[in-house]
1. How about segment 87-191: which chymotrypsin sites (Phe, Trp or Tyr not before Pro) there lie in a loop by DSSP and see at most 13 other Cβ atoms within 10 Å?
2. Between MET37 and ALA229, what length comes free when the chain is fully extended (0.36 nm per residue of separation minus the Cα-Cα distance, one decimal in nm)?
3. About its Cα centre, what dipole magnitude does segment 7-239 give when the only charges are +1 on Lys and Arg Cβ and -1 on Asp and Glu Cβ, stated in debye to the nearest 20?
4. Determine the calculated [θ] at 222 nm for the chain from helices alone, applying -39500 (n - 2.57) to every DSSP H run no shorter than 4 residues and normalising by the residue count; nearest 500 deg cm²/dmol.
5. For segment 21-110, state which trypsin sites (Lys or Arg not before Pro) are in a DSSP loop and have at most 14 other beta carbons lying within 10 Å of their beta carbon.
6. Run through segment 138-181 and list the trypsin sites (Lys or Arg not before Pro) located in a DSSP loop whose Cβ has at most 13 other Cβ atoms within 10 Å.
7. Taking GluC sites (Glu not before Pro) as exposed when DSSP calls them loop (any state but H, G, I, E, B) and at most 15 other Cβ atoms lie within 10 Å, what is the longest stretch of the chain free of them, the sites themselves excluded?
8. Expressed in nm to one decimal, what extension gain is obtained for the pair LEU173 and LYS18 from 0.36 nm per residue of sequence separation less their Cα-Cα distance?
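FYI, it's all coordinate maths here, none of it is from the lab. Note that this is a predicted model, so its numbers are computed, not measured. No Cβ is skipped: glycine too gets one built from the backbone with ideal geometry, and neighbour counts run over all protein chains shown.
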Amino acid sequence: MLKNNPLFLALDFPDGDKAINFLQAHNLYQVPVKVGMELYYQEGPSIIGRLKDQGHPIFLDLKLHDIPNTVKKAMKGMASLGVDVINVHAAGGKEMINAAQQGLEEGTPTGEKKPKLLAVTQLTSTSSQVLMDELLISKSMEETVSHYAKLSRDAGADGVVCSVHEADWIHTLCGDDFMTVTPGIRLKGNAIDDQIRIATPEEARKRGADAIVIGRSITNSQDPKAAYAEAKKEWEDEKRTTSSQSFI
């Protein structure tokens, strides 16, 4: 399904019932979804089972960042959940990213597909000023993201979570088969909220993103189903004029 529709809807809801009810109320059946910390930490693995039962491809967005052995054990356990995509923070380093991949390989049940492992380069809420003044990273955003992307590739990750504005040159650096998943997606005219480096679905596709994550433009819309359809149309219209790998 993700080959035909790599648009993950961010389910940023406080509990599972609200998330499931939203999907059902707006006829968003079997659309790919992203489950982040807010929802997963309230509901645990049960929300993954409920969404899988309804046919939703799942990106489990927990951004693990810990010592390699801890991350490996956590990934080994989560591999059995049957999600399609999962992630870590690239800032954890090469050994940690590699350990995460090993955990997924060891924990995936025989005969099932291993989740794709992505590494987060820099959050889309992080500005160049924050990078320099608060994180004390003296390199530019482009240099930092490039370094993290190459490090992630060398460590065995399947791709990265990055800003739309970085997707094209990450492919240039790391290859077309190295996936780029871009959050911070907004429909035209929507508020940017707490994101800094944002873009529309059309721009994401034009810049070479393999998949996008879109949340509040859909969940805060008066007509979420129509808003999701609009995002998908923008993506598909632009996709017809560009070439790229299929996502998963």
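1. Details: sites: TYR148, TRP169, PHE178; in loops: PHE178.
Within segment 87-191, no chymotrypsin sites (Phe, Trp or Tyr not before Pro) qualify (loop, at most 13 other Cβ atoms within 10 Å).
2. Working: separation 192, 0.36 × 192 = 69.12 nm, distance 2.58 nm.
That pair, MET37 and ALA229, stretches by 66.5 nm at full extension.
3. Working: 26 positive and 34 negative charges, 62 e Å.
It comes to approximately 300 debye.
4. Details: 11 runs with 108 residues, N = 248.
One gets -12500 deg cm²/dmol as the mean residue ellipticity at 222 nm.
5. Numbers: sites: LYS34, ARG50, LYS52, LYS63, LYS72, LYS73, LYS76, LYS94; in loops: none.
For trypsin sites (Lys or Arg not before Pro) across segment 21-110 that sit outside H, G, I, E and B with at most 14 neighbouring Cβ atoms in 10 Å, the list is empty.
6. Numbers: sites: LYS139, LYS150, ARG153; in loops: LYS139.
Passing both the DSSP loop test and the Cβ count: LYS139.
7. Numbers: sites that count: GLU112, GLU134.
Result for the longest clean stretch: 135-248.
8. 51.7 nm
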